[in-house]
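What follows is a set of notes on a single structure, which appears directly below.
The values are calculated or read from the model by the stated rules, or taken from the named source; none is laboratory data. Since the structure is predicted, the reported quantities are computational estimates derived from the model, not experimental observations. In this analysis, Cβ positions are derived from the backbone assuming ideal geometry, glycine residues included, and neighbour counts consider all displayed protein chains. SASA here: full protein model, heavy atoms, side chains in, ligands and nucleic acids out. Shrake-Rupley method; radii C 1.70, N 1.55, O 1.52, S 1.80 Å.
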Amino acid sequence: MKADVERAGAAREPRRILIVGMHTSVHVARWLKMVERPDTTLLLFPVYTQDARLPSGFTYLSLADVGRDLAPGIWVVRSTDIDDPQDARADLLHGYRRWRHSFLQGMTIAAPSRLAACIERFAPHLVHSMEVQLAGYLCLETARRMRGGFPPWVLSNWGSDVALFRKLDEHAARIRRVCRRIDYYLAECARDHRVAREYGYRGPVLPVIPASGGADIAALAGRVRIRPSARRTILVKGYHSWSGRALLALSAIALAHKCLGGYRIVVPLSAPVVASWIEKMRTELDLDIEQLPYVADHGEAIDRLAEARAVVGVGISDGISTTLLESMAVGTFPIQSSTACADEWIEHGRSGFVVSPDNTADVADAIYRAVSDDALVDGAAAINLRTVTARWSSATNGGRVWEIYERVVREHAPTS
């Protein structure tokens, strides 16, 4: 399919695609690499200021150097160029408030006037905003100020963007305006297609594609060194914040501790409150449990996952967890909360467990079954590898995305 799209595009006008999103996000970086082509200029407009070392093949440039003659490649506008102090007056005039997530304290959020200037200079064939609360809201306000000058708009929904935030008063009205204004909607969960329709989206139904785009499944699977049933490690995601609920996962470990003799429990990315619980569980329950330090090397992170028999991820909201997809590729048995869309990827009781984030006993029972049934975890590994090969391959999904991009350009081409 990808080859067909490339042949069809051989004689077309070189594409200019503007991505609006987090320049520090590995998901954005993977997506850009997935859709990169030698005849396409991909320009990333950051949504907040933060110094960041770019991946290989990405190049910073100033907003003043952006133009429609920008050479093919992956370019990133310097985040120091995305704010306009004078735009504060326009914000007040238009009633626009730049929303700031809790993890962005101290950072400056991009100004609509700067995004408008970027669009005018670059003249993209389409704008693709990746994520809603920062990139989506920014594009919404920019489109309102540019009126008819805003290009065709593709919106990607990440994780909790609509499933959780629509329940919050300060976001519900904005999400509704976004859904009514966008031209095309890319969701990583079928669940969120239904939400977008409910909130006013009237565009076409597009394929479900994870926010991370895709991965080299063969390379991931090639890192497996031991079959799942022979592994003696349980990995627990350590996030405990506005969405993550690592403490509930650890409580489930405590309930199931009598069946975990001989197992090592590892908790990467542990919040301070999680780390203190880990210490208590080690001393009071005599568990072999430890927090793991952050590793920047993706291969090392995958090797950690591939050593685990099961991975436990609990939270009040998520999309399709990338950790879950990676675990499926390396044979690690997934235990994931029902507030994600894991049920769209795994079959409960056969290829994983979908558990309630509010029921500790439910999670504990899933852990017990995962460590006591060798046939279950080995059988799940084979099923899950087939699933991610079909649905999370970067080669396959890159072709699917280009079919969408070409459709957008075709349907919005000027008529002669």
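Criterion first (assigned by TED's automatic domain parsing to the domain that holds Ala29, closer than 22 Å to Asp318 by Cα and either touching a residue at least 12 places away in the same chain (Cβ under 8 Å) or not basic (Lys, Arg) (or both)) does Val195 satisfy it? The answer is yes for Val195. Is it the case that Val195 is of a type in the set (A, V, I, L, M) and not in a loop (DSSP other than H, G, I, E, B)? Yes. Assess whether Tyr201 counts as being in contact with a Cys (Cβ under 6 Å, 6 or more places away or on another chain) and on the phi < 0 side of the Ramachandran plot. Considered against the rule, which asks whether it is in contact with a Cys (Cβ under 6 Å, 6 or more places away or on another chain) and on the phi < 0 side of the Ramachandran plot, Tyr201 comes out as yes.
Looking only at residues in the range 341-371 that are in contact (Cβ under 8 Å) with a residue 40 or more places away in the chain and within 20 Å of Arg391 (Cα to Cα), the one that is surrounded by the fewest Cβ atoms within 10 Å (Cβ to Cβ) is Glu344. Has the range 212-220 got any residue that is among the β-branched types (Val, Ile, Thr) and touching a residue at least 60 places away in the same chain (Cβ under 8 Å)? Yes, there is a match, as at least one residue in the range 212-220 is among the β-branched types (Val, Ile, Thr) and touching a residue at least 60 places away in the same chain (Cβ under 8 Å).
Consider the range 51-66 and keep the residues that are of a type in the set (A, V, I, L, M, F, W, C) and not in a helix (DSSP H, G or I). The one that is modelled with the lowest pLDDT is Ala52. Scanning the range 54-81 for residues being open to solvent by less than 20 Å² (accessible area, probe 1.4 Å) and closer than 22 Å to Arg30 by Cβ gives a total of 6. Scanning the range 221-255 for residues that are open to solvent by 10 Å² or more (accessible area, probe 1.4 Å) and charged (D, E, K, R) yields Arg223, Arg225, Arg227, Arg232, Lys237, Arg245.
For Asp69, state whether it is assigned to a loop (DSSP other than H, G, I, E, B) and in contact with a helix residue (DSSP H, G or I) (Cβ under 6 Å, 6 or more places away or on another chain). No. Given the structure, is Gly148 open to solvent by 10 Å² or more (accessible area, probe 1.4 Å), assigned to a loop (DSSP other than H, G, I, E, B) and on the phi < 0 side of the Ramachandran plot? So Gly148 fails the test. Residues in the range 207-257 that are in a loop (DSSP other than H, G, I, E, B) and under 15 Å from Arg391 (Cα atoms): Pro207, Val208, Ile209, Pro210, Ala211, Ser212, Gly213, Gly214, Asp216. Considering the range 324-338, the residues that are closer than 17 Å to Glu188 by Cα and in contact with a strand residue (DSSP E or B) (Cβ under 6 Å, 6 or more places away or on another chain) include one that is surrounded by the fewest Cβ atoms within 10 Å (Cβ to Cβ), namely Ser338. For the range 200-217, the count of residues that are touching a helix residue (DSSP H, G or I) at 6+ places or on another chain (Cβ under 9 Å), under 21 Å from Val355 (Cβ atoms), surrounded by fewer than 22 Cβ atoms within 10 Å (Cβ to Cβ) and aliphatic (A, V, I, L, M) is zero.
Here's the yes/no breakdown for (1) under 21 Å from the mean Cα position of the chain (by Cα); (2) farther than 19 Å from Ala254 by Cα; (3) not in a helix (DSSP H, G or I):
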residue: Ile346; (1), (2), (3): yes, yes, yes
residue: Arg350; (1), (2), (3): no, yes, yes
residue: Val371; (1), (2), (3): no, no, no
residue: Asn384; (1), (2), (3): yes, yes, no
residue: Arg400; (1), (2), (3): yes, yes, no
residue: Pro414; (1), (2), (3): no, yes, yes
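Among residues of the range 1-49 being at pLDDT below 95 and of a type in the set (Asp, Glu), the one that is farthest from Val66 (Cα to Cα) is Asp4. Checking each residue of the range 101-116 against the condition of being at negative phi, open to solvent by 60 Å² or more (accessible area, probe 1.4 Å) and modelled with pLDDT of 95 or more gives at least one match. Taking the criterion of being open to solvent by 30 Å² or more (accessible area, probe 1.4 Å) and over 25 Å from the mean Cα position of the chain (by Cα), the residues of the range 274-293 that qualify are Ser276, Trp277, Glu279, Lys280, Arg282, Thr283, Glu284, Leu285, Asp286, Asp288, Glu290. Beta carbons closer than 6 Å, at least 6 apart along the sequence or on distinct chains, pair a first residue in the range 242-253 that is over 15 Å from Gln336 (Cβ atoms) with a second that is crowded, with 18+ Cβ neighbours inside 10 Å and not hydrophobic (A, V, I, L, M, F, W, C) for Leu247/His240; Ser251/Thr360.
Per the conditions (1) without any contact (Cβ under 8 Å) to a residue 24 or more places away in the chain; (2) open to solvent by less than 50 Å² (accessible area, probe 1.4 Å); (3) more than 21 Å from the chain's Cα centre (by Cα), the sole criterion not satisfied by Ile265 is (1).
Looking at Thr339, Thr332, just one residue is touching an Asp or Glu at 6+ places or on another chain (Cβ under 9 Å), more than 18 Å from Ile253 (Cβ to Cβ) and hydroxyl-bearing (Ser, Thr, Tyr), and that residue is Thr339. Among the criteria (1) touching a His at 6+ places or on another chain (Cβ under 9 Å); (2) open to solvent by 10 Å² or more (accessible area, probe 1.4 Å), the one Val154 does not fulfil is (2).
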